[in-house]
Amino acid sequence: MRDQFVCAEGEVLFLKRSSRYCALVLALALLTLFTLGENLGFAVEASTGQTSIQSVIPFPLEELRPGMKGIGKTVAKGTTIEEFHVEVLGVLQGEQNVSQLVLVQVSGDVIDRMGGIASGMSGSPVYVDGKLLGAISYTFSFTDRRLGLVTPIGPMLEILKYDRTETALQLPSGRWTWADAEARLVAGYPIEEIYIAWESDAGDTVTYDNGRLCVTPASAPLLVGGMGPRARKELAASFKPFGVETVAVPGALAGINVEDVDLEPGAALAVQLVTGDVQVTSLGTVTYVDGSRFVGFGHPFLNRGSVNLMASTAYIYTTVNSLSMPFKLGAPMKTVGTITQDRGAGVGGYIGRPPETIDLIVKVTDRNLGTTKELQAEIANEPGLLLSLVSSAALQGLDQGIDRIGPGTSRLVFKIAGEGFPGPIVRDNMFYSPLDISAVSLAELLETLQILVNNEFQEVKVKTLEVTAQVEQERRTAVIEKATPTVAQARAGEMVDVEVVIRPYRGQRETKILRLPIPDTAQPGAIHVTVRGGGLGYPYLDLAPFHEDSKEQEDAIDLEPVGPPSSADSFEKLLETILKREKNNEIVMEYIPYYDAYVLPSAEESGPPSEGEAEETESASTDEDSGRIESARIGGSVGWNQDETEPVRVTLPTRYVIEGQTTFEIAISDSGETEESADSEGELEEEMEASRIRQGLIPVE
């Protein structure tokens, strides 16, 4: 049956079908609100300012009446701004800072060509009697796409007053009723109120219950180009808490060179998170411009409050029709300013103000293929989003560099530079993974970037991030088999040579010599030395951060990666800790004097005690030492830091990722003694063992 409009005098106009069955279907499918900023983008170089646009007078909402007509402005194709007709149907009263929304119906040639209100029209200004009413911000999917909601200009202008210390406007969610408190018919059903939910984990559902229509709006998707499925999936997971979906764009399109395109009311606006070989963008429309300031969208992008995002002009290729709602397909052209506010009523920013960005370069050499590929991207330096954007873009760089996802060995060098650093932060390390070498290779980089950006001492601004990787499919690892000191005992202040035998994967054993210093303050007794691979200190590299496997997830052990200690009391010490961290290709030999040094009694003190004295001595010694050992074992970080005792540590770099560990002991003799014979050494060993048994100190092998 044909559709017909039903309207009583003074009542809002709504679309109604004469068939009750069709009305039921329409009611249940109605009002899946889509925020309208979207689509594809690829920015180029920055622009300076533009000429001032004369301010307009806001239309007073108290004077708004159903049936009033006006015009709207948007771009349907290219950069040409076109007008469409708008009719006011009613006003919805809400409970948030954006307290009112205006229900409108649009028409005209441009609307017919686009198939109704399209995604990407959000922010399209609406004028009534020459005054600015507000911005098209929401529409209804799976129904008449000529119906939409307008965010009044009043709350949008408030965005221009905010600075980086103020609180964000709340989302236009919750309970919305008609301003005159009278129910309206929607698709034949009486609607007293509309409930808008923005929960990120809610589904796109529409329910009707006794005059209340409950809907869950779908968030504006991010249009992602230049990323493979795995990197895009990582990005999508990062933005899931914001309730934002990602949509794949087939390839990275080149920027459109169109001269003399400014941000003005009705012009296309691109909000960019990443540009270059990788693109992460959303499209909307400019609502209002006052000199160098502007507002748009009419709804939040991510609702993060004060932000630092790239604002660009955009070119619209066409409008693509869709079952749920049409959407604009376009591309950013030129970065012309910065988005500084992301609020419930829309986004706002400054024209001519350059955004703060990070230049990312990922250069990957595949040693098996003999190829070198490079990815370049410019990333918005927004602290809350930076790690997600860098990890996804860098992962894409490594993935495309080796053109596979799987095992291998890599040598990765990264350099971080910017403001607040005494110099570039450079790390050179090796990695191996039997599952996903690209993902594992990024673990240290991402951890370091997080520590620097979130450090508690001073603000830093990362400007450049360069990553150079050499990757091969072969396994370059070696296992530590044994470590043997060249002498059985040493005196304080001496150097002891230790032979460490490593066995490369499917290779011949190799012997490495490390020199272990004995501190001048070492006491007579035994020291327990550990020899291990540097990668055992941090993090657990066999847990790939981007790799998912159902069986591994079921069997996963809840381990906390061991990163740099948090005891640094200054930014300089924090940097020193980062730069001096162990590396996966190093052999590390260390012992901790605090609880691994067993002190032997002197000859005078070791005479045979009486039976009662022996019991008291053994009991006191056992209680004291076992308590000390237990606190060191349980506390983890309690060990040597309480007494400011640092471990004695020696490292030796190799051409392998070192795995495994072993231990040995060295006896420390009194500095006044001369070198003893083999028989004396045997007697000393027996005495040491007896002393350890008496004290309850048995080294862990």
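The values are calculated or read from the model by the stated rules, or taken from the named source; none is laboratory data. What you see is a predicted model, and the numbers here were worked out from it, not measured in a lab. Positions of Cβ are generated from backbone atoms using ideal geometry, with glycine treated the same way; all protein chains shown enter the neighbour counts.
For this structure, a couple of remarks:
- Against the conditions (1) out of contact with any Leu (no Cβ under 6 Å at 6 or more places or on another chain); (2) closer than 26 Å to R475 by Cα; (3) surrounded by 24 or more Cβ atoms within 10 Å (Cβ to Cβ), V390 satisfies every one except (2).
- For region 381-415, filtering for residues that are within 27 Å of E356 (Cα to Cα), in contact with a helix residue (DSSP H, G or I) (Cβ under 7 Å, 6 or more places away or on another chain) and not in a helix (DSSP H, G or I) leaves 2.
- Residues that are assigned to a strand (DSSP E or B) and of a type in the set (D, E, K, R) were ranked within region 483-514; the one that is nearest to the chain's Cα centre (by Cα) is R503.
- Verdict on V471 being touching a helix residue (DSSP H, G or I) at 6+ places or on another chain (Cβ under 9 Å) and on the phi < 0 side of the Ramachandran plot: yes
- Selection status of D359, more than 26 Å from S433 (Cβ to Cβ) and either acidic (D, E) or surrounded by fewer than 23 Cβ atoms within 10 Å (Cβ to Cβ) (or both): yes
- Assessment of region 493-513 against the conditions (modelled with pLDDT under 95, farther than 30 Å from A667 by Cα, exposed (fewer than 13 other Cβ atoms within 10 Å of the Cβ) and of a type in the set (K, R)) yields no matching residue.
- Any hit, region 250-269, residues being closer than 19 Å to A380 by Cα and at pLDDT 90 or above: yes
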